[in-house]
1. Could you pull out the GluC sites (Glu not before Pro) across the stretch B:1-110 that fall in loop regions by DSSP (anything but H, G, I, E, B) with no more than 10 other Cβ atoms inside 10 Å?
2. Quick check: pseudo-label points 7 Å beyond the Cα along Cα→Cβ at residue A:53 and residue A:1, how many nm apart are they?
3. If R₀ is 30 angstrom, what is the calculated FRET efficiency for the pair residue B:75 and residue A:25, using the beta carbon separation as r and rounding to 0.05?
4. Counting just the Cα atoms, what span does the stretch A:1-49 cover along each of its three principal axes? Round to the nearest Å and put the largest first.
5. If you take each beta carbon of peptide B:22-33 and count the beta carbons of other chains within 10 angstrom, what is the mean?
6. Taking square-rooted eigenvalues a ≥ b ≥ c of the alpha carbon gyration tensor, is the stretch B:3-91 rounded, prolate or oblate, where a/c under 1.5 means rounded and, failing that, a/b exceeding b/c means prolate?
7. Pop the C-beta distance of residue A:10 and residue A:77 into the FRET formula with R0 = 41 Å and round what comes out to the nearest 0.05.
8. Based on DSSP H assignment, which helices of chain A show an axial Cα extent of at least 18 Å together with a mean Kyte-Doolittle hydropathy greater than or equal to 0.0?
Amino acid sequence: MDRAFVVIAVALTIIIAIPSFRVIAGPTLFDRLLGAGAIGTKTLVLICLVGVMYGRLDMFIDITVAYAILNFIGNLAIAKYFTNPKTEDREGAS
Amino acid sequence: MTVFQVVSLVLVSAGAFFLLVGSLGIVRLPDFYSRTHATGKSDTLGLMLALLGLAVHEGLGINSAKLLVAIVFVALTNPVGTHALTRAAYQSGLRPWFKGGPVPEDPTERNTEAEAGIDVPGEGER
């Protein structure tokens with residue numbers, strides 16, 4: 001049973017490695033940000049599976065929730081930073 | 001193997017499948033706006049299925065309660081983050097991709113992917 005979770009976790013590392021192609025070779029900036037966000041989202045499942053493997057799922061769930069909050073806040077901050085650069089310029093100039 | 005272990009294994013495997021679909025969609029889809037579908041919907045569903053499978057594996061207790069909290073949090077915040085990023089891209093002038101050529105209502109503006117950066121020269125957006 002736990003061996004099946006190990007197999008799924010190894011497959012999940014390969015799945016997580018796939019969007020890094022979009023992070024490296026993305027044509028625009030937002031493609032890179034999207035790939036980074038997708039990697040952060042998939043990492044949550046990997047952290048929980050590592051917790052099942054170690055038998056300390058109660059500790060690793062807290063790490064998962066904190067990681068999800070950090071990912072969400074980071075995404076919102078970056079999106080807010082890149083919203084309306086021209087408007088920001090206009091406000092700064094006037 | 002009890003029936004709970006079978007159910008949890010099936011749920012975690014289905015979640016891993018949807019995460020794989022999301023990863024392939026991020027690599028294969030032609031545009032930023034279509035790539036957001038992969039990370040906004042498929043990833044959220046895969047994450048919810050995998051965490052639900054782990055909650056079934058843990059049984060009734062404090063661990064499954066915290067996993068349900070994590071499921072609700074992810075289901076609320078992951079589409080919101082994707083939508084915020086898409087809104088930022090739209091407001092900073094990234095043009096969507098149309099099959100076989102430029103944007104229909106503005107055929108003079110070029111629309112290849114390499115030129116559609118965030119500082120597209122344009123006067124009338126928004």
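Only the coordinates and a few stated rules stand behind these numbers; no lab work does. In this text, all values refer to a predicted model and were calculated from it rather than measured experimentally. As a convention, Cβ positions derive from the backbone with ideal geometry for all residues, glycine included, and neighbour counts pool all protein chains shown.
1. On the way: sites: B:58, B:105, B:109; in loops: B:105, B:109.
Filter output for the stretch B:1-110: B:105.
2. 1.9
3. 0.50
4. Reported extents, whole Å, longest axis first: 43, 15, 7.
5. On the way: counts 6, 13, 3, 3, 13, 7, 1, 1, 0, 3, 9, 1.
The per-residue average across the peptide is 5.
6. Oblate is the answer for the stretch B:3-91, as a/c is 1.5 or above yet b/c matches or exceeds a/b.
7. Details: r = 33 Å, r/R0 = 0.80.
The pair residue A:10/residue A:77 has a calculated efficiency of 0.80.
8. Values: long enough: A:2-17 (23 Å, 2.23); A:29-54 (38 Å, 1.50); A:57-81 (35 Å, 1.25).
Answer set is A:2-17, A:29-54, A:57-81.
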